[in-house]
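**Q** The structure that follows is given in the form of structure tokens.
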Amino acid sequence: SSSLTIPTSRMLKFLIVAVLLGACSAFVMPPKIPIKDAQAPPTPCCLPKQFEGNLHIITGTVQAGEGELSNVTARQSLDYTNMRAATEVLHPTNIRVIDDYNRMMQYVIMQGQCTATKITTKFDNCPFSNATYLGSFYFGGMQGLMMDGYQLMVPDAGTVTVDVTRDGCIPVTEVIVSQSGATNPSISALGYVDVTLGIRDPAVFNVPHPLCPSEPDSKMPSTGFGLGRL
């Protein structure tokens, strides 16, 4: 069957409900090679307080009985110290998403317009404290990165499986499966590449005014974008 391109409005919906933030060359989850000498599960780690990276996201969904596919490349900056996040979609179209968790507002800038919605989810860099530990493994073979896998349920998103590095708690892969019985069931696979610590340019968090309204112009709450919204 041939791949279909999702209209911009629907693709944006996938971006908003997709979960982080996002170093792999393929989006299929790698085979997990158990660490034979592993003892007790590791203490759940916390994501870095400030980091940036590129995201590759493939989302498949069923809409009105038809299968659809989107392929998105984005740049994401997460700043837990100052409670803010910024995502810029680089392909296939340019969209900026700025999340201000101090005001619990999300701004979406697209095609010269800006919409504002209330954020209802928390912004927590320690989302694995209540997650199910799936095991530890080497990413890329026995000489590769030591990884820890976790799975958790995220309201309004579904089941999220995340693999992070043992050293530094850097996200590498993420898979999101929509909730059972969802009207438009979907699955998203995310890969994080070129992750760096710190925020290179804080201007990525600047909300353009007066383009963006100071108050939400929609009653539909945002569910956030990326791993940092778990």
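**Q** Suppose we filter the range 117-159 for residues that are assigned to a strand (DSSP E or B) and under 29 Å from Asp217 (Cβ atoms); how many remain?
**A** 5
**Q** Can you find, within the range 48-57, the residue that is nearest to Asn82 (Cα to Cα) among those that are open to solvent by 50 Å² or more (accessible area, probe 1.4 Å) and in a strand (DSSP E or B)?
**A** Applying the filter and picking the extreme gives Gln50.
**Q** Could you please find all residues in the range 169-197 being in a loop (DSSP other than H, G, I, E, B), open to solvent by less than 50 Å² (accessible area, probe 1.4 Å) and either farther than 17 Å from Gln76 by Cβ or in contact with an Asp or Glu (Cβ under 9 Å, 6 or more places away or on another chain) (or both)?
**A** Within the range 169-197, Cys169, Ser178, Ala182, Asn184 meet the criteria.
**Q** Among the residues in the range 101-119, are any within 14 Å of the chain's Cα centre (by Cα) and within 23 Å of Thr196 (Cβ to Cβ)?
**A** No; the residues of the range 101-119 include none that is within 14 Å of the chain's Cα centre (by Cα) and within 23 Å of Thr196 (Cβ to Cβ).
**Q** Another one. Return yes when Pro185 is under 16 Å from the mean Cα position of the chain (by Cα) and within 30 Å of Asp217 (Cβ to Cβ) and no when it is not.
**A** Judged against the criteria, Pro185 is not a match.
**Q** Further question on the same structure: Conditions: (1) modelled with pLDDT under 90; (2) closer than 21 Å to Thr59 by Cβ. Pro171 meets all but one. Number of the miss?
**A** Among (1) modelled with pLDDT under 90; (2) closer than 21 Å to Thr59 by Cβ, the lone unmet condition for Pro171 is (1).
**Q** Can you spot a residue in the range 69-83 that is at pLDDT 95 or above, β-branched (Val, Ile, Thr) and part of a loop (DSSP other than H, G, I, E, B)?
**A** There is at least one residue in the range 69-83 that is at pLDDT 95 or above, β-branched (Val, Ile, Thr) and part of a loop (DSSP other than H, G, I, E, B).
The values are calculated or read from the model by the stated rules, or taken from the named source; none is laboratory data. Because the structure is predicted, anything quoted here is derived from the model rather than measured. For neighbour counting, all protein chains shown are included, and Cβ atoms are generated from backbone atoms with ideal geometry for every residue, glycine included. Only protein heavy atoms, including side chains, enter the accessible area calculation; ligands, DNA and RNA are left aside. Shrake-Rupley method; radii C 1.70, N 1.55, O 1.52, S 1.80 Å.
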